[in-house]
Amino acid sequence: MFRLPPLPAWEGMHPLLVHMPLGILAIAPLLVILAMLGGRWARGLSLAAMVVILAGTIGLVLAVSSGEATEKFADGVPGAGAILDQHEEGAELVRNVFFGVSVLAMIVFFVGGRLTGNRPDGTRRPRGAWIGANLLLLAATGAGYLMLANVGHLGGQLVHGVGVRAPIVALPPPAVSEGLPTGGGAERRDRDDD
C-alpha cells in the first residue's frame, strides 16, 4: 500500500529544503542566456528566468530558516564549529545576494520589455540595451550560484565529513529481541546465517 512519508519537524526539513534552490537556480543562467538570444521568444524566456530566480530565492529563505533550526545538532560534534560558522554566514550572504538578483531580474523583465520588439512607428529597436541588461543579470546570477555551490559544499562537509545529522523523522526505539543486543545485533545474526 502506498503512503506518503511523515513530514519531519522544521529542523528535519533542512536536508530536504536545501536541494530546492540548488536545483532551481542551476537553470537560471541558461534561461537568461536564452532570453538574451531568444528573438521573438525573448520576453517569455525573460519571464521564465525571473520566475525561476524568484522561486530559487524563496527556496533560499526556507533553507536558511530551517538551517538555523538545525544548527543545534552540530553542538558537540568535533570539527563542526568552524565549518558551521562559514556555512551559516555564507548561506545568509547568498540569500541576500539573491534578493538583489531577484530585484534585478524583475527590472530586466519589466523594464527590459521596452527594450525589445518594435517601436510604435514599426521600426525594430536596437538589441544592445537588452543584451547588456541580460549580461548584467547573467553575471549576477552566475556569481550568486557559484557562492551557493560553495555554501552547499560546506554543508556537505558538515554532513559527510564531520557527521552532523538532523533527524528527518522521529523513529520509535528499536525493539529488543530476546538474547540480542539492541542496535543491529539481529542484522549481524542474519548475515552469519548466509
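The values are calculated or read from the model by the stated rules, or taken from the named source; none is laboratory data. From a predicted model like this one, the values you see are computed outputs, not experimental measurements. Neighbour counts are summed over all protein chains in view; Cβ atoms, including those assigned to glycine, are modelled from backbone coordinates with ideal geometry.
Could you tell me which of the residues 114, 43 is out of contact with any helix residue (DSSP H, G or I) (no Cβ under 8 Å at 6 or more places or on another chain) and over 28 Å from residue 163 (Cα atoms)?
Numbers: 43 fails: out of contact with any helix residue (DSSP H, G or I) (no Cβ under 8 Å at 6 or more places or on another chain).
None of the others qualify; the one that does is 114.
Matching residues to (1) modelled with pLDDT under 95; (2) at positive phi; (3) not in a helix (DSSP H, G or I):
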{"residue": "108", "(1), (2), (3)": "yes, no, no"}
{"residue": "114", "(1), (2), (3)": "yes, no, no"}
{"residue": "129", "(1), (2), (3)": "yes, no, no"}
{"residue": "138", "(1), (2), (3)": "no, no, no"}
{"residue": "160", "(1), (2), (3)": "yes, no, no"}
{"residue": "164", "(1), (2), (3)": "yes, no, yes"}
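Look at residue 74 and say whether it is buried (at least 20 other Cβ atoms within 10 Å of the Cβ) and either closer than 17 Å to residue 10 by Cα or under 12 Å from the mean Cα position of the chain (by Cα) (or both).
yes
Given the options 78, 15, 6, name the one that is in a loop (DSSP other than H, G, I, E, B), in contact (Cβ under 8 Å) with a residue 60 or more places away in the chain and under 18 Å from residue 167 (Cβ atoms). Don't jump to the end; show me each part of the working.
Details: 78 fails: under 18 Å from residue 167 (Cβ atoms); 15 fails: in a loop (DSSP other than H, G, I, E, B).
After applying the criteria, what remains is 6.
What about residue 91, is it under 11 Å from the mean Cα position of the chain (by Cα) and crowded, with 19+ Cβ neighbours inside 10 Å?
Working: under 11 Å from the mean Cα position of the chain (by Cα): yes; crowded, with 19+ Cβ neighbours inside 10 Å: yes.
Spelling it out, residue 91 is indeed under 11 Å from the mean Cα position of the chain (by Cα) and crowded, with 19+ Cβ neighbours inside 10 Å.
Looking at 26, 35, 74, 69 in this structure, which one is touching an Asp or Glu at 6+ places or on another chain (Cβ under 8 Å) and aliphatic (A, V, I, L, M)? Show your work before the answer.
Details: 26 fails: touching an Asp or Glu at 6+ places or on another chain (Cβ under 8 Å); 35 fails: touching an Asp or Glu at 6+ places or on another chain (Cβ under 8 Å); 74 fails: touching an Asp or Glu at 6+ places or on another chain (Cβ under 8 Å).
Just a single option satisfies the conditions, and that option is 69.
How many residues does the stretch 55-66 hold that are surrounded by 17 or more Cβ atoms within 10 Å (Cβ to Cβ) and either touching a His at 6+ places or on another chain (Cβ under 8 Å) or hydrophobic (A, V, I, L, M, F, W, C) (or both)?
Step one: list which residues in the stretch 55-66 are surrounded by 17 or more Cβ atoms within 10 Å (Cβ to Cβ), which gives 56-57, 59-60, 62-64, 66.
Checking which are either touching a His at 6+ places or on another chain (Cβ under 8 Å) or hydrophobic (A, V, I, L, M, F, W, C) (or both) leaves us with 60, 62-64, 66.
The total comes to 5.
Given the options 52, 61, name the one that is at pLDDT 95 or above and within 19 Å of residue 90 (Cβ to Cβ). Outline the logic, then answer.
Working: 52 fails: within 19 Å of residue 90 (Cβ to Cβ).
Sole residue among the options that is at pLDDT 95 or above and within 19 Å of residue 90 (Cβ to Cβ): 61.
Can you name every residue in the stretch 11-33 that is touching a Phe, Trp or Tyr at 6+ places or on another chain (Cβ under 9 Å), crowded, with 19+ Cβ neighbours inside 10 Å and hydrophobic (A, V, I, L, M, F, W, C)?
Residues satisfying the conditions are 25, 28.
Residue-wise test of (1) part of a helix (DSSP H, G or I); (2) polar (S, T, N, Q); (3) in contact (Cβ under 8 Å) with a residue 60 or more places away in the chain.
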| position | (1), (2), (3) |
| --- | --- |
| 54 | yes, no, no |
| 59 | yes, no, no |
| 62 | yes, no, no |
| 70 | yes, yes, yes |
| 83 | yes, no, yes |
| 86 | yes, yes, yes |
| 91 | yes, no, yes |
| 101 | yes, no, no |
